[in-house]
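Read through the structure below, which is laid out as structure tokens, and then see the notes.
The values are calculated or read from the model by the stated rules, or taken from the named source; none is laboratory data. Everything quoted here is computed from the prediction, not taken from an experiment. Methodologically, a virtual Cβ is constructed for each residue, glycine included, from the backbone with ideal geometry; neighbour enumeration extends over all protein chains shown.
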Amino acid sequence: MDLITPDFGLVFWSLITFAILLIVLRKFAWKPILGAVEDREEGIRSALSSAENARKEMENLKADNERILQEARNEREAMLKDAREMKNKMISDAKDEAQAQASKMIEQAQVAIESEKKAAMAELKNHVASLSVDIAEKVVRQELSNKDKQLKLVEDMLGEATLN
Amino acid sequence: MTFNTFKRVVFTVLFLSVFSLGFAKDSKDGDADKAFNAKEMIMHHVKDAYGMHIIDINGQPISIPLPVILFTDNGLTTFMSSEFHHDYNGEVIVEKNGQRFVNVHEKIYQLNEGETAVMYDAEHHPTNAERPLDFSITRNVFMMWVSVVVLLLIFLTAARRYRKSGDYVPKGIASFVEPLVIFVRDEIGKPMIGEHKYKRFMPYLLTVFFFIWINNIFGLIPILNGANLSGNIAFTFALAFCTFLITTFSGNKNYWKHIFWMPGVPVPMKIFLMPIEIVGMFVKPISLMIRLFANITAGHIIILALMSLIFIFETVAVAPVSVAFSLFIGIIEIVVTAIQAYIFTVLSALYFGMATEEAH
């Protein structure tokens, strides 16, 4: 029975001691320790979140870089394509022009040839005409030297004229 | 690391063996002249005492005298416990201010006016003496103050570490203390009380946890010889009373509603539950008080009883068995020191949590 009867003196001292211990420890131990632990946890949390943010930003930057690179690549591609097209176009233009020039020159040559030919033909005709007249004169002269023959020719001619 | 653990185990074992032997030696020398009374020896160890008994050398007890503080009808009376000359059978009478005091089984009685010797009734209770109001610094009070000094040394040093190093990196004793503090916060405070309200109760929970734990440990240290503070019902009563006060004064509307007018049950049930809940208010701290007291005292009694076997059988042959068993119990007791501190703190936190819980 003695064992389970609380002794008043010990209860008193326990309460007093515990109260003082609680007050002292609360002010000088628990507050700084818990405060420091919480601060540290807060620090860790914020460090983690800022690291996360940095990571995200990095990712964004990387994506941006990738995008810019891609754009540059596309632009280069486009430029190359343009240049190629222009080159092809220039070549074909030049070809066409050359063709046109050539055909024009040929045409002119042909025209020139034609006119030359005509002139030559006309000259040849005149020449042949005068030559024929000359020949005919000579032949007629020779033919008309004989009386018979003159008559005969007239007759032939008359014959021919009647026939017509 | 492994080596350190090993070293620690070896030291613990050595420590415990010395501790057990210390008890054995003490009890043998103390009662060498008369028949060995195991119950008396055990009770003497488990209960409080006026002097701090350290050891017996050649049958001569060595103890630290502690002040006796009494309030009698004539006012305050103080003297040192050494004036009883280690007597606790009511034989030595100390005279102060015309009052006579005797120590009967570590309880001081004031002899009635004119009496010169204690008379006992059949149950060995003094018949001609009264107990004065006793505020003596007993060995339990003394050990309590030692434990307070140790606690302050540990935690104030640790706290200073934090203040000094601005980077909050725990070093030295702080790195030992911090996991324990965080344990109390994260495993006791937060889950039992709730994330938003636990902060208010943390100082109490931490203090109670470490105060009980260190006194449990002190109870196991042999040279302190059964400074069984946390196995003393007065101490556990004081702590349970604190828990009761805090629970009662932090109780919100919802808590009192649950006690006096239980929501969600029919009216006859409300009336039926009210007395049960009111009794429950008091039973909870009483269970705290008895649990801690009984667990710690039981551990001490078992160890002492096992040691007593040697003297009951009066043979050394039993000694190895006794030592082995009390060693085994002693190791369990080391675990129990922490477990009981933990349980007391968890249940206190649980009651605070109930008191501050919002209606749901």
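What the table below lists for this structure:
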item: Criterion (in the same structural domain as residue B:185 (by TED's automatic domain parsing), within 25 Å of residue B:194 (Cβ to Cβ) and more than 20 Å from the chain's Cα centre (by Cα)) met by exactly one of B:307, B:281, B:274; result: B:281
item: Some residue of segment B:305-318 being outside any loop (DSSP other than H, G, I, E, B), of a type in the set (S, T, N, Q), under 26 Å from residue B:212 (Cα atoms) and touching a residue at least 60 places away in the same chain (Cβ under 8 Å); result: no
item: Yes/no for residue B:120 being closer than 30 Å to residue B:64 by Cα and of a type in the set (Phe, Trp, Tyr); result: yes
item: Search result, residues across segment A:17-29 that are more than 7 Å from every other protein chain (Cβ to nearest Cβ) and not aliphatic (A, V, I, L, M); result: A:27
item: Among (1) within 13 Å of the chain's Cα centre (by Cα); (2) within 11 Å of chain A (Cβ to nearest Cβ) - the single one residue B:241 does not satisfy; result: (1)
item: Spans of helices (runs of 4 or more DSSP H) in segment B:87-203 with at least 3 residues within 14 Å of chain A (Cβ to nearest Cβ); result: B:139-164, B:173-183
item: Matching option when the condition is without any contact (Cβ under 8 Å) to a residue 40 or more places away in the chain, of a type in the set (S, T, N, Q), over 18 Å from residue B:44 (Cβ atoms) and in contact with a Pro (Cβ under 7 Å, 6 or more places away or on another chain), among B:127, B:72, B:78, B:116; result: B:78
item: Every pair of residues 6+ apart whose Cβ atoms lie under 9 Å, when the first sits in segment A:30-50 and is within 7 Å of chain B (Cβ to nearest Cβ) while the second is assigned to a helix (DSSP H, G or I) and of a type in the set (Phe, Trp, Tyr); result: A:30/B:155; A:32/B:162; A:33/B:155; A:33/B:162; A:36/B:162; A:37/B:162
item: Answer from B:92, B:104 - the residue that is among the hydrophobic types (A, V, I, L, M, F, W, C) and touching a Gly at 6+ places or on another chain (Cβ under 8 Å); result: B:104
item: The one condition in (1) part of a helix (DSSP H, G or I); (2) under 30 Å from residue B:56 (Cβ atoms) that residue B:228 fails to fulfil; result: (1)
item: Count of segment B:260-271 residues which are assigned to a helix (DSSP H, G or I) and surrounded by 13 or more Cβ atoms within 10 Å (Cβ to Cβ); result: 1
item: Residues of segment B:46-86 satisfying the condition of being within 14 Å of chain A (Cβ to nearest Cβ) and either over 24 Å from the mean Cα position of the chain (by Cα) or under 22 Å from residue B:308 (Cα atoms) (or both); result: B:46, B:47, B:48, B:49, B:71, B:72, B:76, B:77, B:78
item: Residue A:6 being at the interface with chain B (Cβ under 10 Å from one of its Cβ atoms) and either in contact with a Ser or Thr (Cβ under 7 Å, 6 or more places away or on another chain) or not in a helix (DSSP H, G or I) (or both); result: yes
item: Search result, residues across segment B:96-120 that are under 25 Å from residue B:66 (Cβ atoms), of a type in the set (S, T, N, Q) and surrounded by fewer than 16 Cβ atoms within 10 Å (Cβ to Cβ); result: B:97
item: Which numbered condition residue A:14 misses (of (1) under 30 Å from residue B:154 (Cα atoms); (2) more than 10 Å from chain B (Cβ to nearest Cβ)); result: (2)
item: Odd one out for residue A:104, checked against (1) at pLDDT 90 or above; (2) basic (Lys, Arg); (3) more than 45 Å from the chain's Cα centre (by Cα); result: (3)
